[in-house]
Amino acid sequence: MVSENVEQLDQEAFFVSASPVMRKLRAQAELLAQADVPVLILGESGSGKDAVARLIHKLSVRSGFKFLKLNCAAMPGDMLESELFGARRAFNLGAGRSTSETLELAEHGTIYLDEIAEMPSELQARLLQALLKSDLDSEHRENGRPAGVRILAASSSNLERALADQKLREDLYYRLSAFTVRVPPLRQRRPEISLLLRYSMHRLAKHYGLSAREFPAAMLDVCQWYSWPGNLRELEAFVKRYLVSGDQALIPGEFDSEKGCEPLNSSRGTERVSSSAIARNPDETEPAPKSLKSFIQGIKCEAEKNAIGAALEKTGWNRKAAARLLKVSYRTLLYKIEQYQMNASLHSLSEPSMVRLAAHEKGNGKAS
């Protein structure tokens, strides 16, 4: 599946610019690619910071050289130090050589430091020194090639908190944040969701040697308004499960056993379930303990179920009218009614509502 809105960056990474916010982000990346400066990329976990870093590299004069990623949160400090600074000599972003194999591989290219706030403080100081030294070498070129390596850094952490807790050095932060890119979460890129689902399906089907599946309209509708707290990683996991299982009743989030329900609609107004009541905190970066998470999820489910029940009762169990009241699609509401096993006989209805329901069923044979 090929789309003019999908830009393949390498075998695994791709950049999608099917929404206004992502088209603006791509234009920003193109400008930054032309300026050989450090860039700080911020965004929620799974939002696509890696893809933005690879896009900047691809559009830059360094595109013909290596792009190497180091995850500061996944590597012990001594290993990270060895990778960056080598065993005997200081890290050199300029024309000099280093004993670090990573730097030798990335010479004239780009090093991407993911989760920069997790880098040990002493290494942050050495990185800052290297960045300052690179300014002195910025005019240096070897046979027309860019000097040293370029540093791109990223974080999904709350950097204000990291600065306050002295996990991130202020001087390094200000050196990196002069040029900052903010990657929006998937819930702010809803025009891309259908495209991402279909593109991911074809890419994963090819990878696993399976036949790609089509998404039913009802499933696409639910996916469109799901909040995707795990962003692109969660979307890919959802697609992978549907590819393997073929379960057309699959709902985003239900493959996570810690979630009993998902938001009916996490982005709309006050006449239906509020996002603050049923959507995960968008600033949450650390998972809560399982027992607490399950408890909170139970509260969210109950709030959503009550909101649906109130809308159904208000409309005399006319489901199309209730969907309009909740400002969600009819298919989405049917999914939720089935999920919560709700029906008029079991749900508590006021006397006027029961009269309306009886009249409706008499005229139509069943509720809408």
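In the range 313-324, the residue that is surrounded by the most Cβ atoms within 10 Å (Cβ to Cβ) out of those that are among the charged types (D, E, K, R) and more than 22 Å from ALA249 (Cα to Cα) is GLU313. Here the range 162-197 is the region considered, the condition is being out of contact with any helix residue (DSSP H, G or I) (no Cβ under 9 Å at 6 or more places or on another chain) and outside any loop (DSSP other than H, G, I, E, B), and the residue that is nearest to LEU127 (Cα to Cα) is TYR174. Scanning the range 325-334 for residues that are under 17 Å from VAL222 (Cβ atoms) and either assigned to a helix (DSSP H, G or I) or more than 32 Å from the chain's Cα centre (by Cα) (or both) yields LEU326, TYR330, ARG331, THR332, LEU333, LEU334. Selection of first residues in the range 325-340 that are surrounded by fewer than 16 Cβ atoms within 10 Å (Cβ to Cβ) and of second residues that are at pLDDT below 85, restricted to Cβ pairs under 6 Å at least 6 apart or on distinct chains, gives the following pairs, ordered by first then second residue: LYS327/ARG268; LYS327/ARG272. Candidates LEU131, LEU127, LEU159: the one that is within 21 Å of ILE41 (Cβ to Cβ), modelled with pLDDT of 90 or more and hydrophobic (A, V, I, L, M, F, W, C) is LEU159.
With respect to VAL6, is the statement that it is β-branched (Val, Ile, Thr) and out of contact with any Phe, Trp or Tyr (no Cβ under 6 Å at 6 or more places or on another chain) true?
Numbers: β-branched (Val, Ile, Thr): yes; out of contact with any Phe, Trp or Tyr (no Cβ under 6 Å at 6 or more places or on another chain): no.
Taking the combined requirement at face value, the residue does not satisfy it.
(1) modelled with pLDDT of 90 or more; (2) crowded, with 19+ Cβ neighbours inside 10 Å: which one isn't true of SER121, the others all being true? Answer for SER121: the failing condition is (2).
The values are calculated or read from the model by the stated rules, or taken from the named source; none is laboratory data. Small disclaimer: the values here were computed from a predicted structure and weren't measured. Virtual Cβ from ideal backbone geometry, glycine too; neighbours counted across all protein chains shown.
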